[in-house]
1. Quick one: dipole size for the range 106-190, taken about the Cα centre, charges +1 on Lys/Arg Cβ and -1 on Asp/Glu Cβ, in debye to the nearest 20.
2. When N counts the residues of the range 53-177, how does its alpha-carbon radius of gyration compare numerically with 2.2 N^0.38 Å, as a ratio?
3. Let's see if you can work this out: charge +1 on each Lys and Arg Cβ, -1 on each Asp and Glu Cβ, no other charges. What is the dipole magnitude of the range 39-190 about its Cα centre, in debye to the nearest 20?
4. I'd like the Karplus ³J(HN,Hα) series for the range 60-75: coefficients 6.51, -1.76, 1.60, θ = phi - 60°, whole numbers in Hz, and an x wherever there's a Gly or Pro.
Amino acid sequence: MTDALPNSESGPEGESVSGSPRAGDPSGHLSHIDASEGAPRARMVDVGAKPSTRRSALARARIRFPEGVLGPIVAGRGPKGPIEEVARVAGVMAAKGTGSMIPMCHPLGLDVVDVTFRQAGPDTLEVHCRASCTGPTGVEMEAMVGASVAALTVYDMTKAASKGISIEAVELLEKTGGKSGLWRREDPNT
């Protein structure tokens with residue numbers, strides 16, 4: 001296996017190897033790629049000198065159920081009983097453990113993780129996960145991991161009702177703090 005990737009994101013001095021900068025990165029390179037010693041290599045970013053700021057991120061995962069399956073589940077009559085609290089705890093635990101699951105994420109002392117559920121249609125349940133901390137790096141991954149694992153837990157607790165349940169559109173809706181400040185998804189209803 002080789003460390004070099006075709007069309008890798010950045011070359012020496014951070015210039016774009018493919019000739020075009022990456023979206024969202026005005027310098028044209030990804031911070032988790034180190035190309036200073038030849039072939040690009042993954043690296044954990046040193047955030048030691050970055051100032052601590054209040055940071056927050058909100059992520060969503062959509063769970064789509066076959067027609068008629070979600071109603072009884074929302075009413076607390078799922079095959080394994082009420083699902084919300086088990087899925088909420090799973091999402092919180094996952095967000096707190098993100099640094100041990102995603103290789104280049106820093107372990108963070110989160111101030112709060114909040115997992116909520118919203119029925120977004122007759123057959124769609126949304127999981128929202130907000131993570132916040134005061135620190136030198138963002139919490140986007142913590143929010144997305146929390147939403148994802150909460151959604152997976154909903155699937156686990158409802159799969160006896162239908163194997164056709166799907167988890168869709170795990171995405172960041174908003175982030176605040178840090179050098180880039182506020183970012184919001186243009187149309188969070190899509």
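1. 80 debye
2. Values: Rg = 14.6 Å, N = 125, 2.2 N^0.38 = 13.8 Å.
Dividing the Cα Rg of the range 53-177 by 2.2 N^0.38 Å gives 1.06.
3. Working: 20 positive and 16 negative charges, 66 e Å.
The calculation lands at about 320 debye.
4. Along the range 60-75, the couplings run 9, 10, 9, 10, 9, 10, x, 3, x, 7, 6, x, x, 5, 5, 6 Hz.
Values in this text are rule-based calculations from the coordinates and carry no lab data. On a predicted model such as this, the values are computed, not experimentally measured, just so you know. Every residue, glycine among them, receives a Cβ derived from its backbone with ideal geometry; neighbour counts consider all protein chains shown.
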